[in-house]
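Report on the structure given below.
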Amino acid sequence: GAVVSQHPSWVICKSGTSVKIECRSLDFQATTMFWYRQFPKQSLMLMATSNEGSKATYEQGVEKDKFLINHASLTLSTLTVTSAHPEDSSFYICSASSGSIEETQYFGPGTRLLVL
Amino acid sequence: RKEVEQDPGPFNVPEGATVAFNCTYSNSASQSFFWYRQDCRKEPKLLMSVYSSGNEDGRFTAQLNRASQYISLLIRDSKLSDSATYLCVVKGTGGFKTIFGAGTRLFVKA
């Protein structure tokens, strides 16, 4: 299957700092990338959908000024958690798709964020 | 009502058992259906797509019932390595929005 990478895999930061997470599709062009957040023992919650070259579409309740998403190329999307707080500590997972509704989403390995 | 609902379990079964999970969805316009598997502290991995005609992959069989708006996953001859959380995934219209179920936890014991 297709490969999606995420970097970093672990982040520990102080409250108030910003954290950038990268998501890359390594062997296909991802016209659409998705960002999810998963709290312990809960399901994945879609935060936003991004299409290359356009603004991300955020789900209800997700602050776009706090979670900045950039999808500058067909292989790279970034999520920046600005002014992180302890409640932002979570497992952040990206996925990538070639864009068709029939196409499988391939997930990155996730990034664990711990805000102290 | 949640858009995608699953029994959270856990299902505790012995090795060799057959176990079935169901998942219901509320949006009749949903178009694509999948089962993903997620191991503890890992990302979800695609297990199989689900088609109206039903599909089988080794010990795994998936079915879709559009009239009743549910999908199912059957695992035969359970292995210890099948222990995981199984996520039902539904894709609809409106920008290919993808909805994940909360997952069903399976423990297979020796």
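Coordinate-derived values only; no laboratory data. These numbers were taken from a predicted model, which means no experiment stands behind them. Positions of Cβ are backbone-derived with ideal geometry, glycine not excepted, and every protein chain shown enters the neighbour counts.
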Please compute the contact order of the range B:1-73 in relative form: average sequence separation of alpha-carbon pairs under 8 Å and at least six residues apart, divided by the residue count, as a percent. 27
How much of the calculated P(r) for the range B:1-88 lies past 16 Å, in percent of all Cα pairs? 54
A:Ser5 paired with B:Ala29, simple spin-label distance in nm, labels 7 Å along Cα-to-beta-carbon: 3.9
In percent, what relative contact order does chain A have, based on Cα pairs under 8 Å that are 6 or more apart in sequence? 37
Any idea how far apart A:Gln60 and B:Glu5 come out in nm if each label point goes 7 Å out from Cα toward Cβ? 1.8
Sequence gap at least 6, Cα distance under 8 Å: using those rules, report the relative contact order of the range A:1-61 to the nearest whole percent. 24
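Taking every DSSP beta bridge with both residues inside the protein assembly as shown, roughly what % is antiparallel (nearest 5)?
90
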For A:Met45, A:Met33, B:Met48, ascending order of other Cβ atoms within 10 Å (fewest first) is A:Met45, B:Met48, A:Met33
When all alpha-carbon pairs of chain A are counted, what percent fall beyond 23 Å? 22
